[in-house]
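Student: Questions regarding the structure given below will be posed in turn.
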Amino acid sequence: MIRQPDDVCEIVAAPGAAISREQIDALVARACAGRDYTGQRVLLIVPDATRTAPVGPFFRALHRHIMARAAGFDVMVALGTHPPMNELAICDRLEITAAERLFKFAGVRLLNHEWDNPAALHTLGSIPAAEIAALSGGLFSMDVEVKVNARIFNYDQLVIVGPVFPHEVVGFSGGNKYLFPGIAGPEILNFFHWLGAVITNPMIIGNKWTPVRKVVDRAAAMVAVDKLCFCLVVHGHELAGAFAGDPQAAWDQASELSRTLHITYKDHPFKTILSCAPAMYDELWTGGKCMYKLEPVLADAGELIIYAPHISEISITHGRLIEQIGYHCRDYFLKQWDRFKDLPWGVIAHSTHVRGIGTYENGVEKCRARVTLATRIPREVCEPINMGYRDPDTINPEDYVNREDEGILLVPKAGEMLYQLRDPAPWARGGG
(Lines give C-alpha, C1' and ligand atoms only; values in the text may rest on other atoms or scores of the structure.)
Protein backbone atom coordinates (compact mmCIF):
# COMPACT_ATOMS: atom_id res chain seq x y z
CA MET A 1 0.00 0.00 0.00
CA ILE A 2 1.33 3.45 -0.96
CA ARG A 3 1.10 6.15 1.68
CA GLN A 4 1.88 9.85 1.33
CA PRO A 5 3.00 11.35 4.66
CA ASP A 6 4.31 14.93 4.59
CA ASP A 7 4.23 15.12 0.77
CA VAL A 8 6.35 11.99 0.43
CA CYS A 9 4.93 8.97 -1.39
CA GLU A 10 6.26 5.86 0.29
CA ILE A 11 6.01 2.12 0.11
CA VAL A 12 7.58 -0.10 2.76
CA ALA A 13 7.62 -3.87 2.54
CA ALA A 14 6.40 -6.01 5.40
CA PRO A 15 9.21 -7.72 7.38
CA GLY A 16 10.65 -10.53 5.30
CA ALA A 17 8.87 -9.37 2.14
CA ALA A 18 10.05 -7.34 -0.85
CA ILE A 19 8.54 -4.61 -2.99
CA SER A 20 7.40 -5.90 -6.38
CA ARG A 21 7.81 -4.33 -9.81
CA GLU A 22 4.07 -3.69 -9.86
CA GLN A 23 4.34 -1.76 -6.62
CA ILE A 24 7.28 0.21 -8.00
CA ASP A 25 5.21 1.13 -11.04
CA ALA A 26 2.34 2.27 -8.82
CA LEU A 27 4.67 4.39 -6.70
CA VAL A 28 6.18 6.05 -9.78
CA ALA A 29 2.71 6.72 -11.20
CA ARG A 30 1.62 8.34 -7.93
CA ALA A 31 4.78 10.45 -7.62
CA CYS A 32 4.49 11.70 -11.22
CA ALA A 33 0.72 12.24 -11.16
CA GLY A 34 0.79 15.87 -10.16
CA ARG A 35 2.92 17.08 -13.07
CA ASP A 36 2.11 17.62 -16.74
CA TYR A 37 5.14 16.37 -18.64
CA THR A 38 3.84 17.51 -22.03
CA GLY A 39 6.76 19.07 -23.90
CA GLN A 40 9.03 18.76 -20.85
CA ARG A 41 12.62 17.54 -20.84
CA VAL A 42 13.51 15.20 -17.97
CA LEU A 43 16.94 14.05 -16.77
CA LEU A 44 17.17 10.89 -14.67
CA ILE A 45 20.21 10.86 -12.35
CA VAL A 46 21.36 7.41 -11.19
CA PRO A 47 24.34 5.95 -9.30
CA ASP A 48 27.11 3.99 -10.95
CA ALA A 49 27.62 0.26 -10.42
CA THR A 50 29.21 0.69 -6.95
CA ARG A 51 25.80 1.07 -5.28
CA THR A 52 23.31 -1.76 -4.74
CA ALA A 53 19.84 -0.73 -5.91
CA PRO A 54 17.10 -1.88 -8.32
CA VAL A 55 17.60 1.07 -10.65
CA GLY A 56 16.23 -0.86 -13.66
CA PRO A 57 12.56 -1.15 -12.59
CA PHE A 58 12.48 2.55 -11.70
CA PHE A 59 14.03 3.51 -15.03
CA ARG A 60 11.42 1.48 -16.92
CA ALA A 61 8.52 2.83 -14.88
CA LEU A 62 9.67 6.43 -15.19
CA HIS A 63 10.25 6.07 -18.91
CA ARG A 64 6.80 4.56 -19.34
CA HIS A 65 4.98 7.24 -17.33
CA ILE A 66 6.93 10.24 -18.61
CA MET A 67 8.21 9.64 -22.12
CA ALA A 68 4.85 9.37 -23.86
CA ARG A 69 4.27 13.08 -23.16
CA ALA A 70 7.76 14.46 -22.64
CA ALA A 71 9.98 16.11 -25.24
CA GLY A 72 13.00 14.22 -23.91
CA PHE A 73 14.07 11.72 -21.28
CA ASP A 74 17.80 11.17 -20.69
CA VAL A 75 20.00 9.49 -18.08
CA MET A 76 23.10 10.82 -16.34
CA VAL A 77 25.35 8.69 -14.13
CA ALA A 78 26.26 10.52 -10.90
CA LEU A 79 29.89 9.49 -10.92
CA GLY A 80 31.33 11.95 -8.44
CA THR A 81 35.00 11.36 -9.23
CA HIS A 82 34.58 7.70 -10.21
CA PRO A 83 35.70 6.58 -13.70
CA PRO A 84 33.16 7.00 -16.54
CA MET A 85 30.99 4.07 -17.58
CA ASN A 86 30.73 2.89 -21.18
CA GLU A 87 27.32 2.45 -22.81
CA LEU A 88 27.21 -1.28 -22.14
CA ALA A 89 27.92 -0.71 -18.43
CA ILE A 90 25.22 1.96 -18.22
CA CYS A 91 22.75 -0.40 -19.88
CA ASP A 92 23.65 -3.01 -17.26
CA ARG A 93 23.03 -0.42 -14.55
CA LEU A 94 19.62 0.31 -16.09
CA GLU A 95 18.97 -3.43 -16.54
CA ILE A 96 18.23 -3.14 -20.26
CA THR A 97 19.46 -5.35 -23.09
CA ALA A 98 21.37 -4.23 -26.18
CA ALA A 99 18.26 -4.85 -28.26
CA GLU A 100 16.11 -2.72 -25.94
CA ARG A 101 18.70 0.03 -26.09
CA LEU A 102 18.63 -0.04 -29.88
CA PHE A 103 14.85 -0.05 -30.28
CA LYS A 104 12.77 0.66 -27.16
CA PHE A 105 15.11 3.21 -25.55
CA ALA A 106 16.87 4.59 -28.63
CA GLY A 107 15.77 8.13 -27.84
CA VAL A 108 17.34 8.13 -24.38
CA ARG A 109 20.77 9.74 -24.19
CA LEU A 110 23.14 8.04 -21.73
CA LEU A 111 25.50 10.55 -20.13
CA ASN A 112 28.42 10.46 -17.70
CA HIS A 113 29.14 13.31 -15.30
CA GLU A 114 32.45 15.04 -16.02
CA TRP A 115 33.71 16.40 -12.71
CA ASP A 116 37.19 17.18 -14.07
CA ASN A 117 36.11 18.99 -17.26
CA PRO A 118 35.70 22.72 -16.52
CA ALA A 119 33.81 23.19 -19.79
CA ALA A 120 31.15 20.71 -18.57
CA LEU A 121 30.48 22.62 -15.33
CA HIS A 122 28.35 25.62 -14.43
CA THR A 123 29.20 27.90 -11.50
CA LEU A 124 26.20 28.52 -9.26
CA GLY A 125 28.02 30.90 -6.94
CA SER A 126 29.62 30.45 -3.54
CA ILE A 127 28.49 29.57 -0.05
CA PRO A 128 29.96 32.48 1.95
CA ALA A 129 32.43 31.98 4.77
CA ALA A 130 29.97 33.01 7.48
CA GLU A 131 27.51 30.34 6.37
CA ILE A 132 30.25 27.71 6.12
CA ALA A 133 31.28 28.57 9.68
CA ALA A 134 27.70 28.09 10.87
CA LEU A 135 27.14 24.87 8.90
CA SER A 136 30.47 23.33 9.96
CA GLY A 137 30.12 24.19 13.61
CA GLY A 138 33.03 26.62 13.37
CA LEU A 139 35.51 24.12 11.93
CA PHE A 140 35.93 26.11 8.71
CA SER A 141 35.34 29.70 7.67
CA MET A 142 35.92 30.09 3.95
CA ASP A 143 34.00 30.81 0.79
CA VAL A 144 33.21 27.55 -1.03
CA GLU A 145 32.55 27.71 -4.76
CA VAL A 146 29.66 25.57 -5.98
CA LYS A 147 29.74 24.11 -9.49
CA VAL A 148 27.43 21.53 -11.02
CA ASN A 149 27.10 19.75 -14.34
CA ALA A 150 25.99 22.37 -16.87
CA ARG A 151 23.76 19.95 -18.78
CA ILE A 152 21.11 19.90 -16.05
CA PHE A 153 19.94 23.37 -17.06
CA ASN A 154 18.75 21.96 -20.39
CA TYR A 155 16.02 20.09 -18.49
CA ASP A 156 12.75 21.01 -16.83
CA GLN A 157 12.95 18.36 -14.12
CA LEU A 158 15.67 16.29 -12.48
CA VAL A 159 14.61 12.86 -11.24
CA ILE A 160 17.01 11.22 -8.80
CA VAL A 161 16.92 7.47 -8.19
CA GLY A 162 19.40 5.97 -5.74
CA PRO A 163 19.84 4.04 -2.51
CA VAL A 164 20.33 5.22 1.04
CA PHE A 165 23.01 3.58 3.21
CA PRO A 166 25.14 4.69 6.16
CA HIS A 167 27.95 6.78 4.68
CA GLU A 168 31.40 7.75 5.94
CA VAL A 169 31.43 11.33 4.58
CA VAL A 170 27.86 12.56 4.93
CA GLY A 171 26.25 10.21 7.52
CA PHE A 172 23.69 8.56 5.24
CA SER A 173 23.93 8.57 1.46
CA GLY A 174 21.11 9.47 -0.92
CA GLY A 175 18.92 12.47 -1.59
CA ASN A 176 20.84 15.59 -2.56
CA LYS A 177 24.09 13.66 -2.39
CA TYR A 178 23.35 12.54 -5.97
CA LEU A 179 23.81 16.20 -6.91
CA PHE A 180 26.72 16.94 -4.57
CA PRO A 181 29.12 15.21 -5.14
CA GLY A 182 27.27 13.08 -7.73
CA ILE A 183 27.25 15.69 -10.49
CA ALA A 184 29.30 18.42 -8.80
CA GLY A 185 32.52 20.25 -9.51
CA PRO A 186 35.69 19.55 -7.52
CA GLU A 187 35.63 22.57 -5.20
CA ILE A 188 32.52 21.70 -3.18
CA LEU A 189 33.34 17.99 -3.42
CA ASN A 190 36.82 18.41 -1.98
CA PHE A 191 35.62 20.75 0.73
CA PHE A 192 32.93 18.64 2.29
CA HIS A 193 34.87 15.39 2.01
CA TRP A 194 37.63 16.98 4.08
CA LEU A 195 35.07 18.47 6.47
CA GLY A 196 33.79 14.94 7.10
CA ALA A 197 37.31 13.60 7.53
CA VAL A 198 38.17 16.29 10.08
CA ILE A 199 35.09 15.35 12.10
CA THR A 200 36.16 11.68 11.52
CA ASN A 201 34.33 8.69 10.10
CA PRO A 202 33.15 7.26 13.47
CA MET A 203 31.51 10.58 14.36
CA ILE A 204 29.84 10.95 10.95
CA ILE A 205 28.77 7.52 9.78
CA GLY A 206 25.25 6.47 10.73
CA ASN A 207 24.28 9.97 11.90
CA LYS A 208 21.69 11.96 9.96
CA TRP A 209 21.97 15.72 10.29
CA THR A 210 25.72 16.01 10.09
CA PRO A 211 27.53 19.24 9.15
CA VAL A 212 28.36 17.64 5.81
CA ARG A 213 24.69 16.88 5.10
CA LYS A 214 23.88 20.50 5.88
CA VAL A 215 26.48 21.68 3.35
CA VAL A 216 25.16 19.24 0.72
CA ASP A 217 21.57 20.43 1.19
CA ARG A 218 22.67 24.08 1.14
CA ALA A 219 24.45 23.56 -2.18
CA ALA A 220 21.46 21.70 -3.62
CA ALA A 221 19.21 24.64 -2.75
CA MET A 222 21.23 26.65 -5.26
CA VAL A 223 20.14 24.35 -8.13
CA ALA A 224 17.06 26.10 -9.50
CA VAL A 225 15.66 23.12 -11.41
CA ASP A 226 12.58 21.18 -10.30
CA LYS A 227 13.57 17.95 -8.52
CA LEU A 228 11.85 14.66 -7.79
CA CYS A 229 13.76 12.09 -5.77
CA PHE A 230 13.25 8.36 -5.24
CA CYS A 231 15.24 7.22 -2.19
CA LEU A 232 15.56 3.43 -2.07
CA VAL A 233 16.34 1.25 0.93
CA VAL A 234 17.70 -2.16 -0.03
CA HIS A 235 17.89 -5.07 2.40
CA GLY A 236 20.10 -7.84 1.09
CA HIS A 237 19.12 -8.12 -2.56
CA GLU A 238 15.53 -6.94 -2.10
CA LEU A 239 13.91 -3.52 -2.08
CA ALA A 240 12.56 -2.95 1.43
CA GLY A 241 11.38 0.63 1.06
CA ALA A 242 11.05 3.44 -1.47
CA PHE A 243 10.30 7.10 -0.74
CA ALA A 244 9.45 9.68 -3.42
CA GLY A 245 9.25 13.45 -3.15
CA ASP A 246 11.47 16.44 -2.52
CA PRO A 247 15.08 15.18 -2.11
CA GLN A 248 15.38 16.30 1.52
CA ALA A 249 12.00 14.98 2.62
CA ALA A 250 12.34 11.65 0.81
CA TRP A 251 15.86 11.19 2.18
CA ASP A 252 14.69 12.02 5.71
CA GLN A 253 12.15 9.18 5.59
CA ALA A 254 14.47 6.71 3.87
CA SER A 255 17.36 7.28 6.25
CA GLU A 256 15.13 6.34 9.18
CA LEU A 257 14.46 2.96 7.56
CA SER A 258 18.11 2.58 6.65
CA ARG A 259 19.03 3.16 10.28
CA THR A 260 16.91 0.17 11.31
CA LEU A 261 18.07 -2.17 8.51
CA HIS A 262 21.69 -1.26 7.79
CA ILE A 263 23.31 -1.09 11.22
CA THR A 264 24.51 -4.28 12.91
CA TYR A 265 25.31 -3.95 16.59
CA LYS A 266 28.00 -5.98 18.36
CA ASP A 267 28.68 -6.36 22.06
CA HIS A 268 32.48 -6.30 21.85
CA PRO A 269 35.22 -5.18 19.45
CA PHE A 270 37.19 -7.64 17.31
CA LYS A 271 40.94 -8.13 17.17
CA THR A 272 40.73 -9.49 13.61
CA ILE A 273 38.20 -8.62 10.92
CA LEU A 274 38.16 -10.19 7.48
CA SER A 275 36.21 -7.69 5.43
CA CYS A 276 35.36 -9.17 2.02
CA ALA A 277 34.86 -6.68 -0.80
CA PRO A 278 32.13 -7.49 -3.33
CA ALA A 279 32.94 -7.41 -7.04
CA MET A 280 31.20 -4.05 -7.50
CA TYR A 281 34.18 -2.44 -5.76
CA ASP A 282 36.81 -2.78 -8.47
CA GLU A 283 39.46 -0.51 -6.93
CA LEU A 284 40.54 0.46 -3.43
CA TRP A 285 38.95 3.90 -3.84
CA THR A 286 35.55 2.24 -3.39
CA GLY A 287 36.78 -0.94 -1.68
CA GLY A 288 37.88 1.26 1.20
CA LYS A 289 34.26 1.11 2.33
CA CYS A 290 35.18 -2.29 3.74
CA MET A 291 37.18 -0.35 6.34
CA TYR A 292 34.84 2.59 6.88
CA LYS A 293 31.83 0.46 7.77
CA LEU A 294 33.77 -1.72 10.23
CA GLU A 295 36.14 0.68 11.95
CA PRO A 296 33.72 1.18 14.89
CA VAL A 297 34.00 -2.52 15.89
CA LEU A 298 37.76 -2.90 15.29
CA ALA A 299 39.68 -3.29 18.55
CA ASP A 300 42.63 -1.13 19.50
CA ALA A 301 45.78 -2.70 17.97
CA GLY A 302 43.52 -5.02 15.98
CA GLU A 303 43.82 -5.85 12.30
CA LEU A 304 41.26 -5.27 9.58
CA ILE A 305 41.97 -7.19 6.38
CA ILE A 306 40.36 -5.94 3.17
CA TYR A 307 40.02 -9.21 1.27
CA ALA A 308 39.57 -8.45 -2.42
CA PRO A 309 41.44 -10.80 -4.77
CA HIS A 310 39.77 -9.03 -7.71
CA ILE A 311 41.19 -5.56 -6.90
CA SER A 312 44.47 -4.61 -8.56
CA GLU A 313 44.22 -0.79 -8.58
CA ILE A 314 44.32 1.78 -5.80
CA SER A 315 42.38 4.22 -7.98
CA ILE A 316 42.29 4.73 -11.72
CA THR A 317 41.60 8.43 -11.19
CA HIS A 318 43.56 9.25 -8.05
CA GLY A 319 46.05 6.40 -7.68
CA ARG A 320 49.20 8.34 -8.49
CA LEU A 321 48.41 10.99 -5.89
CA ILE A 322 47.54 8.39 -3.25
CA GLU A 323 50.86 6.66 -3.89
CA GLN A 324 52.48 10.04 -3.30
CA ILE A 325 50.83 10.84 0.04
CA GLY A 326 50.03 7.34 1.35
CA TYR A 327 47.35 6.35 3.86
CA HIS A 328 47.46 8.17 7.19
CA CYS A 329 45.30 9.26 10.10
CA ARG A 330 43.68 12.68 10.17
CA ASP A 331 46.23 14.28 12.52
CA TYR A 332 49.12 13.32 10.22
CA PHE A 333 47.70 15.82 7.74
CA LEU A 334 46.31 18.43 10.13
CA LYS A 335 49.62 18.83 11.96
CA GLN A 336 51.50 19.23 8.69
CA TRP A 337 48.79 21.19 6.89
CA ASP A 338 51.11 23.58 5.05
CA ARG A 339 52.65 20.53 3.38
CA PHE A 340 49.34 19.11 2.15
CA LYS A 341 46.83 21.99 1.90
CA ASP A 342 47.27 22.49 -1.84
CA LEU A 343 46.50 18.86 -2.71
CA PRO A 344 42.92 17.74 -3.46
CA TRP A 345 41.18 17.58 -0.11
CA GLY A 346 38.92 14.74 -1.22
CA VAL A 347 41.93 12.50 -1.80
CA ILE A 348 43.33 13.39 1.63
CA ALA A 349 39.96 12.56 3.15
CA HIS A 350 39.94 9.15 1.45
CA SER A 351 43.40 8.48 2.89
CA THR A 352 42.22 9.14 6.45
CA HIS A 353 39.03 7.13 6.04
CA VAL A 354 40.86 4.00 4.96
CA ARG A 355 43.62 4.31 7.56
CA GLY A 356 41.35 5.17 10.48
CA ILE A 357 41.76 6.94 13.78
CA GLY A 358 45.24 7.77 15.04
CA THR A 359 47.60 10.43 16.41
CA TYR A 360 50.62 12.34 15.13
CA GLU A 361 52.94 13.73 17.78
CA ASN A 362 56.57 14.89 17.47
CA GLY A 363 56.81 13.50 13.97
CA VAL A 364 55.54 10.05 14.95
CA GLU A 365 52.29 8.63 13.65
CA LYS A 366 50.46 6.08 15.78
CA CYS A 367 47.38 4.59 14.16
CA ARG A 368 44.89 2.92 16.43
CA ALA A 369 44.77 -0.32 14.43
CA ARG A 370 46.32 -2.08 11.44
CA VAL A 371 44.80 -2.13 7.97
CA THR A 372 45.99 -4.88 5.64
CA LEU A 373 45.31 -5.26 1.94
CA ALA A 374 44.76 -8.80 0.67
CA THR A 375 44.37 -7.74 -2.94
CA ARG A 376 46.35 -7.92 -6.19
CA ILE A 377 48.06 -4.69 -5.23
CA PRO A 378 51.63 -5.93 -4.60
CA ARG A 379 53.61 -5.67 -1.38
CA GLU A 380 56.03 -3.18 -2.95
CA VAL A 381 53.10 -0.80 -3.44
CA CYS A 382 51.29 -1.49 -0.15
CA GLU A 383 54.15 -0.92 2.26
CA PRO A 384 55.27 2.52 0.98
CA ILE A 385 51.67 3.79 1.26
CA ASN A 386 51.49 2.71 4.92
CA MET A 387 49.27 -0.34 4.42
CA GLY A 388 49.88 -3.94 5.42
CA TYR A 389 50.09 -6.67 2.80
CA ARG A 390 48.77 -10.22 2.66
CA ASP A 391 48.77 -12.54 -0.32
CA PRO A 392 45.04 -13.13 -0.93
CA ASP A 393 45.77 -16.67 -2.12
CA THR A 394 46.89 -17.56 1.41
CA ILE A 395 43.50 -16.61 2.87
CA ASN A 396 40.54 -18.95 3.08
CA PRO A 397 37.48 -17.01 4.30
CA GLU A 398 36.03 -20.26 5.66
CA ASP A 399 38.77 -20.21 8.30
CA TYR A 400 37.14 -17.09 9.79
CA VAL A 401 33.60 -18.45 10.08
CA ASN A 402 31.85 -18.61 13.50
CA ARG A 403 34.80 -17.29 15.51
CA GLU A 404 33.30 -14.16 17.00
CA ASP A 405 33.76 -15.47 20.53
CA GLU A 406 37.50 -15.55 19.75
CA GLY A 407 37.45 -11.93 18.65
CA ILE A 408 37.49 -12.80 14.92
CA LEU A 409 34.79 -11.41 12.63
CA LEU A 410 34.04 -12.44 9.04
CA VAL A 411 31.97 -10.07 6.89
CA PRO A 412 31.27 -11.89 3.59
CA LYS A 413 29.93 -8.80 1.77
CA ALA A 414 31.32 -5.66 3.31
CA GLY A 415 30.87 -2.03 2.35
CA GLU A 416 27.18 -1.26 2.83
CA MET A 417 26.18 -2.53 6.27
CA LEU A 418 27.53 -0.45 9.15
CA TYR A 419 28.84 -2.27 12.22
CA GLN A 420 28.76 -0.49 15.57
CA LEU A 421 29.28 -1.36 19.22
CA ARG A 422 26.27 -1.17 21.50
CA ASP A 423 28.50 0.75 23.90
CA PRO A 424 30.88 2.75 21.65
CA ALA A 425 34.52 3.18 22.61
CA PRO A 426 35.58 6.66 23.82
CA TRP A 427 37.44 7.41 20.58
CA ALA A 428 34.23 6.68 18.62
CA ARG A 429 32.22 9.01 20.84
CA GLY A 430 34.71 11.85 20.86
CA GLY A 431 35.93 11.91 17.27
CA GLY A 432 39.53 10.92 17.88
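The values are calculated or read from the model by the stated rules, or taken from the named source; none is laboratory data. Being a predicted model, the structure only gives us computed values, none of them experimental. Neighbour counts run over all protein chains shown; Cβ positions are idealised from the backbone, glycine included. Heads up: the accessible areas ignore ligands, DNA and RNA and are worked out on the full protein's heavy atoms, side chains in. Shrake-Rupley method; radii C 1.70, N 1.55, O 1.52, S 1.80 Å.
Student: Kindly rank 262-268, 369-375, 158-164 from highest to lowest mean number of other beta carbons found within 10 Å of each residue. Mind showing how you got there, number by number?
Tutor: Details: 262-268: 14.3, 369-375: 22.3, 158-164: 25.6.
Final packing ranking: 158-164, 369-375, 262-268.
Student: Further question: I need to check one value: relative contact order of the chain, counting alpha carbon pairs closer than 8 Å and at least 6 residues apart, in percent.
Tutor: Details: 927 pairs, mean separation 67.6, N = 432.
Reported as a whole number, the value is 16 percent.
Student: In whole Å, how far is the Cα centre of region 398-430 from that of region 155-178?
Tutor: 26 Å
Student: Restricting to DSSP loop positions (anything but H, G, I, E, B) with no more than 14 other Cβ atoms inside 10 Å of their own Cβ, which GluC sites (Glu not before Pro) remain in region 1-101?
Tutor: Within region 1-101, the qualifying GluC sites (Glu not before Pro) (loop, at most 14 other Cβ atoms within 10 Å) are Glu95.
Student: Then there's this: Cβ under 15 Å from Arg93's Cβ, Arg93 left aside: what net charge do those residues give with Lys, Arg +1 and Asp, Glu -1? Display every interim value, and only then the final one.
Tutor: Values: positive: Arg51, Arg60, Arg101, Arg109; negative: Asp48, Asp74, Glu87, Asp92, Glu95, Glu100, Asp282.
The answer is -3.
Student: Before I look further, what does the chain give for accessible area per residue, probe 1.4 Å, in whole square angstrom? Spell out each step's value before the answer.
Tutor: Working: 17170 Å² over 432 residues.
With all protein chains present, the chain gives 40 Å² per residue.
Student: Kindly list the residues of region 100-125 that lie in the label zone of Ala71, defined by a backbone N under 14 Å from the point 7 Å along the Cα-to-C-beta vector.
Tutor: none
Student: Would you mind computing, in nm to one decimal, how far apart the modelled labels at His268 and Glu100 are, each placed 7 Å from Cα along Cα→Cβ?
Tutor: Here the answer is 4.9 nm between the modelled labels.
Student: Please tell me the relative contact order of region 140-194 in percent, rounded to the nearest whole number, where contacts are Cα pairs under 8 Å and at least six residues apart. Kindly include the intermediate steps, with their values, before the conclusion.
Tutor: On the way: 46 pairs, mean separation 24.2, N = 55.
Value for region 140-194: 44 percent.
Student: For region 151-226, build the charge dipole from Cβ charges (+1 Lys, Arg; -1 Asp, Glu) around the Cα centre, then report which of Leu179, Ile152, Ile205 sits farthest towards its positive end.
Tutor: Positive-most Cα among the choices belongs to Ile205.
Student: Would you mind counting up the charge near Gly125? Only other residues with Cβ under 14 Å from its Cβ, with Lys and Arg at +1 and Asp and Glu at -1.
Tutor: Working: positive: Lys147, Arg218; negative: Glu131, Asp143, Glu145, Glu187.
With Lys, Arg at +1 and Asp, Glu at -1, the net is -2.
Student: A follow-up question, please. Expressed as an acute angle from 0 to 90° and rounded to the nearest 10, what is the orientation of the C-alpha long axis of helix 247-261 relative to the principal long axis of the chain?
Tutor: Around 50 degrees separate the two axes.
Student: What value, in deg cm²/dmol to 500, does the helix sum -39500 (n - 2.57) over DSSP H runs of n ≥ 4 give at 222 nm once divided by the residues of the chain?
Tutor: Value at 222 nm, helices only: -8000 deg cm²/dmol.
Student: Quick one: pull the percent of accessible area on the chain belonging to carbon and sulfur, 1.4 Å probe, ligands and nucleic acids left out.
Tutor: Numbers: 8550 of 17170 Å².
Solvent-exposed carbon and sulfur of the chain make up 50 percent of the total.
Student: Let me ask something else. Could you list the square roots of 5 times each eigenvalue of the Cα gyration tensor of the chain, that is, the equivalent ellipsoid semi-axes, sorted largest first and rounded to whole Å? Could you put the intermediate results ahead of the total?
Tutor: On the way: eigenvalues 246, 122, 87 Å².
The equivalent ellipsoid of the chain has semi-axes of 35, 25, 21 Å.
Student: I've got another one for you. Looking only at the chain, where both bridge partners belong to it, what percent of the DSSP beta bridges are antiparallel (to the nearest 5)? Don't skip to the end; give the middle numbers.
Tutor: Numbers: 25 of 67 bridges.
Looking only at bridges with both residues in the chain, the antiparallel portion is about 35 percent.
Student: As I understand it, the value is the acute angle between the Cα axis of helix 211-220 and the longest principal axis of the Cα atoms of the chain; what does it come to in degrees, rounded to 10?
Tutor: Result, in degrees: 30.
Student: Got the relative contact order for region 255-310 handy, in percent, Cα pairs under 8 Å and 6 or more residues apart? Please report the intermediate quantities before stating the final value.
Tutor: Values: 54 pairs, mean separation 26.3, N = 56.
Relative contact order here is 47 percent.
Student: Taking the Cα centroid of region 370-388 and of region 46-84, what is the distance between the two, rounded to the nearest whole Å?
Tutor: With region 370-388 and region 46-84 each reduced to a Cα centre, they are spaced 36 Å.
Student: In the chain, if the dipole is taken from +1 on Lys/Arg beta carbons and -1 on Asp/Glu beta carbons about the Cα centre, which of Val411, Ala220, Leu298 is farthest to the positive end?
Tutor: Ala220
Student: Expressed as an acute angle from 0 to 90° and rounded to the nearest 10, what is the orientation of the C-alpha long axis of helix 21-32 relative to the principal long axis of the chain?
Tutor: On a 0 to 90 degree scale, this one is about 70.
Student: Beyond 26 Å between alpha-carbons counts as too far, so tell me which of Lys214/Lys413; Lys177/Lys266; Lys104/Lys177; Lys177/Lys335; Lys341/Lys366; Lys208/Lys289 fall in that bin. Display every interim value, and only then the final one.
Tutor: Working: Lys214/Lys413 30 Å; Lys177/Lys266 29 Å; Lys104/Lys177 30 Å; Lys177/Lys335 30 Å; Lys341/Lys366 21 Å; Lys208/Lys289 18 Å.
Lys214/Lys413; Lys177/Lys266; Lys104/Lys177; Lys177/Lys335, as the Cα separations exceed 26 Å there.
Student: Now a separate question. Where does the charge balance sit around Val146 when Lys and Arg score +1, Asp and Glu -1, over other residues with C-beta under 13 Å from its C-beta?
Tutor: Working: positive: Lys147, Arg218; negative: Glu131, Asp143, Glu145, Glu187, Asp217.
Taking every Cβ under 13 Å from that of Val146, the sum is -3.
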